[in-house]
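Trainee: Before I ask anything, let me first share the structure, which is written out below as structure tokens.
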Amino acid sequence: MENRYFNRELSWLEFNARVLHQGLREELPLLERLQFLSIVTSNFDEFFQVRVASVKRMLFENPDLYDISGLNPKLLLTSISAKAHQIIRTQQDCLMNDIIPKLSEEGLAYVNKNHYSQQQKEFVQSIFRSEIYPLLTPLRTDAQTLPHFKNLSIYAGFLLKPIPGIKPLSQDLVGNNDQQKIAFVEIPSGLQNIYWISQVSDESRNSANISDDSASNENTTTVRRKKYFTLLEDIISMCGTQLFPGFAVDQSILFKLTRDADFAVDEDAGNNFINAMEDVLEQRKKSFPVQLSYYGSSKVIIDFLKQNLELTNDDIYKIDGIINPSALMDLRDTEEGERLSFEKWEHFYPSDLPEEEPYWDYLKIHDKILHVPYESYDTVVKFISDAADDPNVLTIKMTLYRTGRDSPIVYALERAAHNGKQVVVLVELKARFDEERNIAWANELEKAGVTVIYGLVNLKVHAKILMVIRREDDTIRRYVHLATGNYNPKTAKLYSDISLFTTNQQIANDATQFFNLVTGYSTLQNMNSLSMAPVSIKARLLNMIQREIDRSTADTPGLIMAKMNSLTHEEIINALYAASQAGVKVLLNIRGICMLVPGVEGLSENIKVVSIVDRYLEHSRIFYFQNGDTPELYCSSADWMSRNLDRRIELMFPIIDKDAFSDVKSILETYFEDNVNAMQLESNGSWIPVQETEQKQKFRAQEELYKKYRKIDEKKTKTVEEQFKVRRK
């Protein structure tokens, strides 16, 4: 075998290829396929800003450094470019030659600037003059210089030629008027993406064999009445001539520039940490270019951009249709949107929690597992809101990593502070791409009287923990909530995560110790139940893997089951290899990056790696160790990555309650039964769809989980109805 590890970046590209695979599946609803294609683009945006930028920097600083997969920066960048170009070509082919035509068949017809009828041109020009033109700022270029292009903004580029006989207003502004000029205009982000336009003329419709009849003759299939739409960038690109009086547009392109966003804040900034973070945000706007995506065919403009932005051919990606497919997701708001999307799934309120009363009395007796988005995240919001208003609650402490906009959790914390409670919140300002929003939340919380802590020097606080301290009958009780996902009600409707409500005394003691550590001065002390990175999670995991090796026999082999987002930590991978060689069965469900090579004889033949991409983003981290006859189960905010285990504050928490243990173990096992959306990693790095067999019918994990919670909710509803049934003679 050539290598024991897959490359991290190339493994991530395989993950994005699995997302693309969902978009290619013809059996899925059209708008869901479009959603997956859009995710491919947004994933690439972050990948190029962070990972590719990092490799480019490495190429400059240490070009001869080889990683554990055996690649140096130059070889890696070449491999990244080849795979990324392949994925983008496939994505665009699916979008323009499959999704767009089928949307038209369903009554939503996209018309780009090259196919406007005369009637549509007039309509579009009217929209341009009245709604768009006043917002545009044309930008000229002088000699070999060009304006600054914002990160991820879309621009139109125009190659202009002078109209004979028309003199410019100022020769100084345009130079030699006999030469072609290049100019640019930013596509405004504040305008709508989709513009509904009039139908094509009768002549054009007949030539294109398009029918507007709601139904055809008896012997033909139904034809839906069409609605026609175009995109903002199409309108600006077509009407660009109006921006440059005296010039004609000879060629034009649309393009998007991706810049380096892999910046570290000055950890020694002290009291000026927010200012240092704001400096990072400014640097990100002006950082070096990493990737250029464009639509159009102007070699002159592309060569001009390539030269002035210092890009190579590998950095340039030609788009065959739509640069930003997510612009089309506004189609969900049409009357056709529901028909072309997944069947709506509810977020069920847990049957064992009261909807009107606070949870205090229940949680004194039972731990509670919450599984979002199948169960409603309203329970977490209600828990914090009840604590804010309860006169017996003395203190609320929590961490905030990504909270989202208009967060009801933040508003509840502010209300708690106004109500005189001690509220302590650790806001992680270094949460990438959420820094600006978190700075705003931190300022707002401080104004409300909340004690805000801005993380720790050199360590990003990624742990998800909340503790409510309440006075009850001459005693103090602590209620703790621990989670695998962020305190974000919006993403909790889209991300699959596990969280635990508990009053377990040992966990509460550890939670108290955790907050003392991250908010004040405290020496590191051993925790009884919780494990914390970078102090103890890695060591705990390695010990449990070794314990599984020690207790495994030929007759009773050990078992490790783990679900996470990514696996990249070299020590953990080597420990899993050792477990496989000792006969331990290792089942891994990994959504994204996996550097471990499974299925290699003598190394990892007992390791199976699967991945699921479905309508919900799999985000939970669950770890099961058979441990002979006394199995242990944990959930965590941490993936098995170097950054999580060595350079972040993370928490891993045990599932102790008998019912909670059974529930979480059942959830974990469900993910290894999937044969609809699951793909299995082969030793050569390819991912193969897991197929149904004669012995096993189709099993889609997320659908089965939804059915489980729906059945529980139906049983609850039936019970309530029976309680209120009126008996008559």
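The values are calculated or read from the model by the stated rules, or taken from the named source; none is laboratory data. Predicted, not measured: the structure shown is a model, and the values here were computed from it. Cβ sites come from the backbone with ideal geometry, for glycine too, and all protein chains shown count toward neighbours. Just the protein is used for accessible areas: all its heavy atoms, side chains included, with ligands, DNA and RNA removed. Shrake-Rupley method; radii C 1.70, N 1.55, O 1.52, S 1.80 Å.
Trainee: Residue check, Asn43 against (1) under 17 Å from Glu14 (Cβ atoms); (2) touching a residue at least 60 places away in the same chain (Cβ under 8 Å), all met but one. Which one?
Mentor: Of everything listed in (1) under 17 Å from Glu14 (Cβ atoms); (2) touching a residue at least 60 places away in the same chain (Cβ under 8 Å), Asn43 misses just condition (2).
Trainee: Among the residues of region 410-442 satisfying the criterion of being in contact (Cβ under 8 Å) with a residue 40 or more places away in the chain and of a type outside the set (D, E, K, R), which is nearest to Arg470 (Cα to Cα)? It would help to see each step written out before you state the result.
Mentor: Filtering region 410-442 down to residues in contact (Cβ under 8 Å) with a residue 40 or more places away in the chain leaves 424, 426, 429-430, 432-433, 435-436, 439, 441-442.
This time we only want the ones that are of a type outside the set (D, E, K, R), so: 424, 426, 429, 433, 439, 441-442.
On the way: Val424: 15, Leu426: 20, Leu429: 29, Phe433: 35, Ile439: 29, Trp441: 26, Ala442: 25 Å.
Residue satisfying both the conditions and the ranking: Val424.
Trainee: With (1) touching a residue at least 24 places away in the same chain (Cβ under 8 Å); (2) within 19 Å of Phe288 (Cα to Cα) as the list, and Trp12 as the residue in question, which single condition is left unmet?
Mentor: Against the list (1) touching a residue at least 24 places away in the same chain (Cβ under 8 Å); (2) within 19 Å of Phe288 (Cα to Cα), Trp12 comes up short only on (2).
Trainee: Which residue is farthest from Glu650 (Cα to Cα), if the candidates are limited to region 393-421 and must be among the hydrophobic types (A, V, I, L, M, F, W, C) and within 30 Å of the chain's Cα centre (by Cα)? Show your work before the answer.
Mentor: From region 393-421, those among the hydrophobic types (A, V, I, L, M, F, W, C) are 393-394, 396, 398, 400, 409-410, 412-413, 416-417; that's our starting set.
With within 30 Å of the chain's Cα centre (by Cα) added as a condition, the list becomes 396, 398, 400, 409-410, 412-413.
Details: Ile396: 20, Met398: 13, Leu400: 13, Ile409: 21, Val410: 22, Ala412: 25, Leu413: 22 Å.
Within region 393-421, the match that is farthest from Glu650 (Cα to Cα) is Ala412.
Trainee: Do you know which residues across region 622-638 are within 25 Å of Tyr706 (Cβ to Cβ) and open to solvent by less than 10 Å² (accessible area, probe 1.4 Å)?
Mentor: Matches in region 622-638: Ile622, Phe623, Leu633, Cys635, Ser636, Ser637.
Trainee: Which pairs turn up if I take residues in region 564-584 that are closer than 16 Å to Asn543 by Cβ and touching a residue at least 12 places away in the same chain (Cβ under 8 Å) and look for partners that are charged (D, E, K, R) and open to solvent by less than 10 Å² (accessible area, probe 1.4 Å) with beta carbon separation below 7 Å, at least 6 apart in sequence or on another chain?
Mentor: Filtered contacts from region 564-584: Ala579/Glu548; Val584/Glu548.
Trainee: Could you tell me how many of the residues in region 552-581 are open to solvent by 30 Å² or more (accessible area, probe 1.4 Å) and either touching a strand residue (DSSP E or B) at 6+ places or on another chain (Cβ under 6 Å) or modelled with pLDDT under 95 (or both)?
Mentor: Going through region 552-581, the residues open to solvent by 30 Å² or more (accessible area, probe 1.4 Å) turn out to be 553-557, 559, 570-571, 574, 578, 581.
Restricting the remaining residues to those that are either touching a strand residue (DSSP E or B) at 6+ places or on another chain (Cβ under 6 Å) or modelled with pLDDT under 95 (or both) gives 553-557, 559.
Final tally of qualifying residues: 6.
Trainee: Please determine whether any residue of region 94-107 is open to solvent by less than 10 Å² (accessible area, probe 1.4 Å) and over 25 Å from the mean Cα position of the chain (by Cα).
Mentor: yes
Trainee: Moving on. Could you please let me know if Tyr377 is under 28 Å from Thr512 (Cβ atoms), free of Cβ contacts under 8 Å to residues at least 24 places away in the same chain and open to solvent by 20 Å² or more (accessible area, probe 1.4 Å)? Please lay out each step first, then the result.
Mentor: Numbers: under 28 Å from Thr512 (Cβ atoms): yes; free of Cβ contacts under 8 Å to residues at least 24 places away in the same chain: no; open to solvent by 20 Å² or more (accessible area, probe 1.4 Å): yes.
No.
Trainee: Also, I was wondering about something else. Please find, within region 586-621, the residue that is nearest to Lys490 (Cα to Cα) out of those that are in a loop (DSSP other than H, G, I, E, B) and hydroxyl-bearing (Ser, Thr, Tyr).
Mentor: First, the residues of region 586-621 that are in a loop (DSSP other than H, G, I, E, B): 591-593, 595, 597-606, 613-616, 619-621.
Right, trim to hydroxyl-bearing (Ser, Thr, Tyr) and you get 604, 616, 620.
On the way: Ser604: 39, Tyr616: 13, Ser620: 16 Å.
The residue in question is Tyr616.
Trainee: Taking the condition part of a loop (DSSP other than H, G, I, E, B) and surrounded by fewer than 20 Cβ atoms within 10 Å (Cβ to Cβ), does Glu26 pass?
Mentor: On the way: part of a loop (DSSP other than H, G, I, E, B): yes; surrounded by fewer than 20 Cβ atoms within 10 Å (Cβ to Cβ): yes.
Judged against the criteria, Glu26 is a match.
Trainee: Here's a follow-up. Determine whether Leu231 is of a type in the set (A, V, I, L, M), modelled with pLDDT of 90 or more and touching a Pro at 6+ places or on another chain (Cβ under 8 Å). Steps first, answer last, please.
Mentor: On the way: of a type in the set (A, V, I, L, M): yes; modelled with pLDDT of 90 or more: yes; touching a Pro at 6+ places or on another chain (Cβ under 8 Å): no.
In short, no.
Trainee: Looking only at region 582-590, decide whether some residue is closer than 20 Å to Glu632 by Cα, among the polar types (S, T, N, Q), crowded, with 22+ Cβ neighbours inside 10 Å and touching a helix residue (DSSP H, G or I) at 6+ places or on another chain (Cβ under 9 Å).
Mentor: yes
Trainee: Would region 340-349 turn up any residue that is buried (at least 22 other Cβ atoms within 10 Å of the Cβ), polar (S, T, N, Q) and in contact with a Leu (Cβ under 6 Å, 6 or more places away or on another chain)? Lay out the reasoning, then the answer.
Mentor: As a first pass, look at region 340-349 and keep what is buried (at least 22 other Cβ atoms within 10 Å of the Cβ): none.
Checking region 340-349: not a single residue is buried (at least 22 other Cβ atoms within 10 Å of the Cβ), polar (S, T, N, Q) and in contact with a Leu (Cβ under 6 Å, 6 or more places away or on another chain).
Trainee: Among the residues of region 582-601, write down those that are in contact with a strand residue (DSSP E or B) (Cβ under 6 Å, 6 or more places away or on another chain), closer than 17 Å to Met679 by Cβ and of a type in the set (Val, Ile, Thr).
Mentor: Hit for region 582-601 is Ile590, nothing else.
Trainee: Would you be able to tell me the number of residues in region 591-615 that are acidic (Asp, Glu) and either more than 30 Å from the chain's Cα centre (by Cα) or surrounded by fewer than 17 Cβ atoms within 10 Å (Cβ to Cβ) (or both)? Show your work before the answer.
Mentor: So the first thing to find is which residues in region 591-615 are acidic (Asp, Glu), and the list is 601, 605, 614.
Now restrict to residues that are either more than 30 Å from the chain's Cα centre (by Cα) or surrounded by fewer than 17 Cβ atoms within 10 Å (Cβ to Cβ) (or both): 601, 605.
Count: 2.
Trainee: Could you list, in sequence order, the residues of region 404-427 that are open to solvent by less than 10 Å² (accessible area, probe 1.4 Å) and closer than 15 Å to Glu446 by Cβ? Give the steps one after another, and end with the answer.
Mentor: Within region 404-427, the first condition is being open to solvent by less than 10 Å² (accessible area, probe 1.4 Å), and the residues that meet it are 404, 407, 409-410, 412-413, 416, 423, 425-427.
Once the filter is applied, which keeps residues that are open to solvent by less than 10 Å² (accessible area, probe 1.4 Å) and closer than 15 Å to Glu446 by Cβ, region 404-427 yields Val410, Leu413, Ala416, Val423, Val425, Leu426, Val427.
Trainee: How many residues does region 467-485 hold that are over 13 Å from Thr503 (Cβ atoms) and surrounded by 24 or more Cβ atoms within 10 Å (Cβ to Cβ)? Outline the logic, then answer.
Mentor: In the first step, residues of region 467-485 are kept if they are over 13 Å from Thr503 (Cβ atoms); the result is 471, 473-474, 483-485.
From what is left, the residues that are surrounded by 24 or more Cβ atoms within 10 Å (Cβ to Cβ) are 483-484.
Summing the residues that are over 13 Å from Thr503 (Cβ atoms) and surrounded by 24 or more Cβ atoms within 10 Å (Cβ to Cβ) in region 467-485 gives 2.
Trainee: Counting only residues that are assigned to a loop (DSSP other than H, G, I, E, B) and of a type outside the set (D, E, K, R), which one in region 554-578 is nearest to the chain's Cα centre (by Cα)?
Mentor: Our first condition is that a residue be assigned to a loop (DSSP other than H, G, I, E, B); within region 554-578, this holds for 554-558, 565-566, 568-569.
Applying the additional criterion that residues be of a type outside the set (D, E, K, R) yields 554, 556-558, 565-566, 568-569.
On the way: Ala554: 42, Thr556: 40, Pro557: 37, Gly558: 34, Asn565: 11, Ser566: 13, Thr568: 19, His569: 21 Å.
Going through the qualifying residues, I end up with Asn565.
Trainee: Which ranges mark the helices (runs of 4 or more DSSP H) fully within region 75-191 that have 1 or more residues being closer than 20 Å to Val249 by Cα and modelled with pLDDT under 95? Steps first, please.
Mentor: Values: elements: 100-105, 118-127, 171-174.
The helices (runs of 4 or more DSSP H) meeting that bar are 118-127, 171-174.
Trainee: To continue, here is another question. Test Glu106 against the stated conditions and say whether it is among the acidic types (Asp, Glu) and in contact with a strand residue (DSSP E or B) (Cβ under 9 Å, 6 or more places away or on another chain).
Mentor: Numbers: among the acidic types (Asp, Glu): yes; in contact with a strand residue (DSSP E or B) (Cβ under 9 Å, 6 or more places away or on another chain): no.
No.
Trainee: Please work out which one of (1) more than 21 Å from the chain's Cα centre (by Cα); (2) closer than 28 Å to Tyr195 by Cα; (3) open to solvent by less than 20 Å² (accessible area, probe 1.4 Å); (4) not charged (D, E, K, R) is the condition Leu20 fails and give its number.
Mentor: All conditions are met except number (1).
Trainee: Taking into account only those residues within region 350-374 that are hydrophobic (A, V, I, L, M, F, W, C) and out of contact with any Lys or Arg (no Cβ under 8 Å at 6 or more places or on another chain), which is surrounded by the fewest Cβ atoms within 10 Å (Cβ to Cβ)?
Mentor: Quick first cut of region 350-374, residues hydrophobic (A, V, I, L, M, F, W, C) only: 353, 360, 363, 365, 369-370, 372.
Subsequent filtering for residues that are out of contact with any Lys or Arg (no Cβ under 8 Å at 6 or more places or on another chain) retains 363, 365, 369-370.
Working: Leu363: 20, Ile365: 7, Ile369: 23, Leu370: 21.
Of everything passing the filter in region 350-374, Ile365 is surrounded by the fewest Cβ atoms within 10 Å (Cβ to Cβ).
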